[in-house]
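Have a look at the structure below, then the notes.
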Amino acid sequence: MTTEQTAPDRRQRLPSATGDTNEARGDRPAYNPAEIEPRWQARWEEIGLHHTDLDNDPRPPYYLVTMYPYPSGDLHIGHWYIVTPTDAIGRYQTMNGKNVFFPIGFDAFGLPAENAAIKNGVHPREWTYQNICNMRRQFKSMGARFDWDTELVTADPSYYRWNQWFFLKFMENGLAYRQMAPVDWCPRDQVVLAREQVLGPDRVCWRCGTQVIKRDLEQWFFKTTAYADELLNYEGLEYPVPIKVMQSNWIGRSEGAELSFSVADGEHDASGEEIRVFTTRPDTLFGATFMVLAPEHPLVDKLTTEDRRAEVEEYRFNASRKSEIDRLSTDREKTGVPLGASAINPINGEQIPIWIADYVLLGYGTGAIMAVPAHDERDFAFARKFGLPIRQVVAPRGADPAGDIAEAYVAHTNDEVLVNSGEFSGMPAPEGGRAITARLAEQGKGEPAVTYRLRDWLVGRQRGWGAPIPVVYCESDPSCGIVPVPYDQLPVELPTDIDVWPAQGNPLETHESWRRTSCPKCGGPGRRETDTMDTFVDSSWYWWRYLSIGKEDGPINEEREGIWCPVQQYTGGAEHAVLHLMYARFFAKALNDLGLVHEREPWLRLFNQGQILGADGERMSKSRGNVQDPDELVARYGADTVRLFLMFMGPWDQGGPWSPTGIDGIHRFLRRVWTVTTDPRGVEPGDPESGRLPAGESASNTADALRRQAHRALKKVTDDHAAYHWNTMIATLMELTNRLIRLRGTQVVDEPAWDETIQLLLLMLAPIAPHISEELWSRRLAAAGAEWSSVHTEEWPRYDETLIPEAQIDLPVQINGKLRDLVSVPANLSEVEIEQIVMARDKVRAHLEGQEIVRVIQIPNRLVNIVARSR
């Protein structure tokens, strides 16, 4: 900041009027947001105030994006809670000389549209676009500075054409592939379900309530694991710590060794097969006393002996009905069945039994574990239940490892060594682990390895309202195989002639005229892929398309992308931490490797707002009946009041249950701003002190104090903008407005400091309450005979640093808790000196007449409260 005050200097005297803060008096109109706000919204749209020149504006670019909404029908107050503060960021950056781009779109594919189609007998497109029209109106009513010229809708073929284009590029570069995978299957509807379609702890189908099972089907994947290590790197990114932690845990990088156990001969079909396991503790290999496979492991059928087969099949079926969370729970009793086969420990040749158990997952590691019950809690509980051996092989140096083990030993100590481990006994555990791995590597039975919890992204969805996957299965020539749709035939559009959306299954599978096509390779008969893409594909790249609306020869305008990206600020909910927020990072890295974008991260800074819950403390939903309709609040109070109320609720990253308590106070604050701006010489009816300076105070000294407060407020508001501390920012503006109310009608309104303070107040208010600040700013310009220009194009003012130090402080003086005076005193006076000054004040002495002082309470630099009682 510079030391000079550079706020625009349009000073003028306002016409005199009298009256209170609620009603029109004389020539002063009342504050009427119902008239003001639509008028300014129309004016802004007419002049293109919020349109961004993406190519030729010389100002530094500032790309601001908030997560686009799903068009569910109506905005609720939670949408406002994220959008209006983000809008304030854009307006503030504009006033700081940035060329701000703040676009909007709609995440239009998904399950709710299919639900509505089934319920109402309409095509999902019809329901979706009706909702978009309504939500567009609601967004405009909040005064958001969205650039509507770049609006996108993901269900439009002009958008999902490029999803398909990316899919083909990923196929060409080994980032998209098809393979067998376990999926959730509804046996009644005969349909694959997405994870969000499986409901509750009993895992039932969202449509028919039938219990869901697991089934192996061919599925499409994106190879997110190719970027697992890079996704763990957040250098240069401002992300909330919880997001980094959640993503890191989801990726789940583990270092250790991959070891090979051979299957011992027996009455099964897997003799000589290898079972590879990953372990982070190769030092415990001598303690492996059994092996456990995931029920879905591909070798289970071969390993199972005939006398065990019925029990194994029943167990596998029951496991298929459980969620991963249930299976991994440490609280539930361990279950499992032996297969009748054994494996050979590669380090000592010991044969150990092979079991299946649902606490082992096929998707983590290799889907098989060497069970070391002495050093793993889950293995220990399993061994205890089924009477399997428990052998301690790691212990603190000097400890006796003999005897029964009461609990699994998992804690590490600095001096732990290997025991009961043959020639490796006595070695420090880390060294012993490396030595065991090296020995097995020499024998071709193991090697150091890194594994991840992260799995490749299953992008296929068996539903009809999504972007079609652009491949054809040739039914004429087997050598053709899976054939990509040629780029010049994109988009593969969804059919529009499905009159009744079916309650069961994917309608694309039965739409013969759409499904049947010719093979792009040989020209013979073929069938289209009927799976559609996960909607998270839509949301993994949309900010690049905002910059490229209308581009027909590619998905991304490379010149604009080079200017505007990465996005400087991205806002939205933390609930997308390991889905959208991570998939988008994968896309950035993949597209960079394909030469389509220059950056490897989509956003430089991420902010997660808190969540506004219903008044009942539950997430807002129409089914719960706890949704707050913002239209009702806007009709009653105006958009600016609703915006400020949401920002004033508390820290933006916390949220909380919705309550309208306090919104009247915010509305009174805006009426006070209106009053001090349009009627500075008025007085408060019924208040004999209104319009009078305190005894002994001069207009000049009071004006100086007012100017100091205004510039200190400006510094606080500026700092709060940088930190997104909206609640304390608004509190500061309230304090300043209250001071103006107290000085209204006094000689101070004729001092330059009054006009400067009003001007600063409106400029500070502009980003968060855009309508009232625009109206009052235009009135000031008109009164001064100046040409109109929007307050939102004004430069953000700079505070005068010489006024910031607290050379003087203004102390409210209360008597029995009621404000009676305001005294300006030098900073850092002693309490005794402050008390002497306060007691000498005429107003204080008048209020204390006939009373006895009990005590004087001082809050340093904040308040003096005199407790008195009648004599």
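The values are calculated or read from the model by the stated rules, or taken from the named source; none is laboratory data. Since we're looking at a predicted model, the values are computed, not measured. Counting neighbours? That spans all protein chains shown, and the Cβs are built from the backbone with ideal geometry, glycine included. These area figures cover heavy atoms from the full protein model, side chains too; ligands, DNA and RNA do not enter into them. Shrake-Rupley method; radii C 1.70, N 1.55, O 1.52, S 1.80 Å.
List of remarks:
- In region 490-511, the residues that are closer than 13 Å to D531 by Cα reach residues that are part of a helix (DSSP H, G or I) and among the hydrophobic types (A, V, I, L, M, F, W, C) with C-beta atoms within less than 7 angstrom, at least six apart or across chains, in these pairs: L508/W514.
- D488 assigned to a helix (DSSP H, G or I), more than 35 Å from the chain's Cα centre (by Cα) and over 30 Å from P240 (Cα atoms): yes
- Qualifying residue in region 320-331 (condition: open to solvent by 70 Å² or more (accessible area, probe 1.4 Å) and at pLDDT 90 or above): no
- Looking only at region 672-683, residues that are of a type in the set (D, E, K, R) and surrounded by fewer than 22 Cβ atoms within 10 Å (Cβ to Cβ) come to 2 in all.
- Conditions (1) under 30 Å from N134 (Cα atoms); (2) of a type outside the set (D, E, K, R); (3) in contact (Cβ under 8 Å) with a residue 24 or more places away in the chain; number of the one not met by A695: (1)
- Residues located in region 684-714, provided they are among the aliphatic types (A, V, I, L, M) and open to solvent by 50 Å² or more (accessible area, probe 1.4 Å): A695
- Hits in region 146-186 - residues which are assigned to a strand (DSSP E or B), at pLDDT 95 or above and either in contact with a Cys (Cβ under 6 Å, 6 or more places away or on another chain) or small (G, A, S) (or both): A176
- Taking first residues from region 282-297 that are open to solvent by 10 Å² or more (accessible area, probe 1.4 Å) and partners that are among the β-branched types (V, I, T) and not in a strand (DSSP E or B), the Cβ contacts under 6 Å between residues at least 6 apart in sequence or on separate chains come to P282/I436; P282/T437; F286/V393.
- From the list V825, V838, the one residue that fits, being surrounded by 15 or more Cβ atoms within 10 Å (Cβ to Cβ), of a type outside the set (D, E, K, R) and assigned to a helix (DSSP H, G or I), is V838.
- Of residues in region 627-671 being surrounded by fewer than 20 Cβ atoms within 10 Å (Cβ to Cβ) and among the β-branched types (V, I, T), the one modelled with the lowest pLDDT: V627
- For the residues W165, W127, W185, W148, the requirement of being aromatic (F, W, Y), touching a Lys or Arg at 6+ places or on another chain (Cβ under 6 Å) and open to solvent by 20 Å² or more (accessible area, probe 1.4 Å) singles out W185.
- Residue in region 198-209 that is touching a Lys or Arg at 6+ places or on another chain (Cβ under 8 Å), buried (at least 17 other Cβ atoms within 10 Å of the Cβ) and at pLDDT below 95 present: yes
- Subset of region 334-380 [among the acidic types (D, E) and under 42 Å from the mean Cα position of the chain (by Cα)]: D358, D376, E377, D379
- Among the conditions (1) under 21 Å from the mean Cα position of the chain (by Cα); (2) within 18 Å of A30 (Cβ to Cβ); (3) polar (S, T, N, Q), Q654 misses just one, which is (2).
- Among the residues of region 97-111, none qualifies, meaning not one is in a strand (DSSP E or B) and open to solvent by 30 Å² or more (accessible area, probe 1.4 Å).
- Among residues of region 557-596, those that are of a type in the set (A, V, I, L, M), open to solvent by 10 Å² or more (accessible area, probe 1.4 Å) and at pLDDT 95 or above, counted: 3
- When P812 is tested against the conditions (1) open to solvent by less than 40 Å² (accessible area, probe 1.4 Å); (2) touching a residue at least 40 places away in the same chain (Cβ under 8 Å); (3) out of contact with any Leu (no Cβ under 9 Å at 6 or more places or on another chain), the lone failure is (3).
- Breaking point among (1) open to solvent by 10 Å² or more (accessible area, probe 1.4 Å); (2) not in a strand (DSSP E or B), for F278: (2)
- Among residues of region 127-142 that are more than 21 Å from P85 (Cα to Cα), those with a Cβ under 6 angstrom from a residue that is open to solvent by less than 40 Å² (accessible area, probe 1.4 Å) and part of a helix (DSSP H, G or I), sequence gap 6+ or separate chain, pair up as W127/A113; W127/A116; T128/A113.
- Qualifying residue in region 232-255 (condition: touching a residue at least 60 places away in the same chain (Cβ under 8 Å), outside any loop (DSSP other than H, G, I, E, B), open to solvent by 20 Å² or more (accessible area, probe 1.4 Å) and in contact with an Asp or Glu (Cβ under 9 Å, 6 or more places away or on another chain)): no
- Counted residues, region 334-362 - those being under 17 Å from A270 (Cβ atoms) and of a type in the set (S, T, Y): 1
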